[in-house]
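Step one of this worksheet: look at the structure below.
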Amino acid sequence: MITLYTASTPNGYKAAITLEELGAEYEAKPLSFDKKEQKEDWYLAINPNGRIPAIIDHDNDDFIVFESGAVMMYLAEKFGGLLPTETQARSRAIQWLMFQMGGVGPMQGQAHVFHRYFPEKIPAVIDRYQTETRRLYEVLNTQLGRSEYLAGKNYSIADIANFCWVRSYEWAGVSIDGLDHLERWLNSINEREAVQRGLLVPPKVDPEDKKNTGQTMIKS
């Protein structure tokens, strides 16, 4: 059994979709950002950085894994899927996973903040992050013109990681016009049943619903 601490964010979806794709049994425990639960002492004992997602593997001496990319790699290795074992193929998948971790996530995350949330609209800052996010999309598009998936012919955690961010391009105020390979890839991944299930973890809950326990049992 895996316990997943998560929230409805791109990084949270990365972990949930990975679990769903691997057919793992897990318990999702959503954290409330409004209540700053991710900064409470009990959770900082799990993830010292106070971010989601994090997992506890109860079948491995309650081993804790935090940082979304590390979570994905751990799960792929534990359950034997979504990450090639051949050296070069494995490296390619990890490279594109790191592309999301070091590029798409940070740049698009800032586009989200300054385009949607920051109280002062600073056009030069917004343009900087939207332009860089679009450039990264173009890199993905070029790669997807060469192969069906980012690391080659096989779907992997690299695709899941990048998909979970790129799918919210409109929220970031970034266009994917003209990026036909990227659009084809987005649509293809979005149609996967495990992806659709993962995008519902944690389930959307009416904040007025007092019956919500904050825990959801998931069995794939």
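Within the chain, antiparallel bridges make up roughly 70 percent of the DSSP beta bridges whose residues both belong there. Gain on full extension, evaluated as 0.36 nm per residue between Glu120 and Glu77 minus their Cα-Cα distance, stands at 11.1 nm. The trypsin sites (Lys or Arg not before Pro) of the stretch 119-187 that meet both conditions, a loop assignment by DSSP and at most 10 other Cβ atoms within 10 Å of the site Cβ, are Lys121, Arg146, Lys153.
Counting other Cβ atoms within 10 Å as a rough exposure proxy, the listed residues Trp185, Trp42 run Trp42, Trp185 from fewest neighbours to most.
Sort out for me the Cα centre separation of the stretch 69-89 from the stretch 20-60, rounded to whole Å. Cα centroid of the stretch 69-89 versus Cα centroid of the stretch 20-60: 20 Å apart. One quarter of the convex hull surface built on the alpha carbon atoms of the stretch 87-192 amounts to 6.4 nm², the projected area averaged over directions. Restrict the search to the stretch 25-109; then list the trypsin sites (Lys or Arg not before Pro) that DSSP places in a loop and that have at most 11 other Cβ atoms within 10 Å of their Cβ. Within the stretch 25-109, the qualifying trypsin sites (Lys or Arg not before Pro) (loop, at most 11 other Cβ atoms within 10 Å) are Lys35, Lys36. Remark: Phe163, Phe33 ranked as Phe33, Phe163, counting other beta-carbon atoms within 10 Å and listing the fewest first. Here is the list for the stretch 23-128: GluC sites (Glu not before Pro) lying in DSSP coil, each with at most 15 other C-beta atoms within 10 angstrom of its C-beta, are Glu25, Glu40, Glu86, Glu120. Neighbour counting of Cβ atoms within 10 Å sorts the residues Met1, Met73, Met107, fewest neighbours leading, into Met1, Met73, Met107.
Taken along the Cα-to-beta-carbon direction at a fixed 7 Å, the label points for Leu44 and Ser91 span 4.1 nm.
Neighbours of Asn11 by Cβ distance under 14 Å: Lys/Arg scored +1, Asp/Glu scored -1, total +2. Based on the reciprocal of the average 1/r between different C-alpha atoms, the Kirkwood radius for the chain equals 18.0 Å.
The equivalent ellipsoid of the stretch 38-135 has semi-axes of 31, 22, 7 Å, largest first, where each one is the square root of 5 times an eigenvalue of the Cα gyration tensor. A full extension of the chain between Glu25 and Ser168 corresponds to an added length of 48.8 nm, given 0.36 nm per residue minus the alpha carbon distance. The count of lysine pairs in the chain whose Cα atoms are under 23 Å apart, excluding pairs fewer than 8 places apart on the same chain, comes to 26.
FYI, it's all coordinate maths here, none of it is from the lab. Treat the numbers as computed from the prediction; the structure is a model and nothing was measured. All Cβ positions, even for glycine, are placed from backbone atoms using ideal geometry, and neighbour counts span all protein chains on display.
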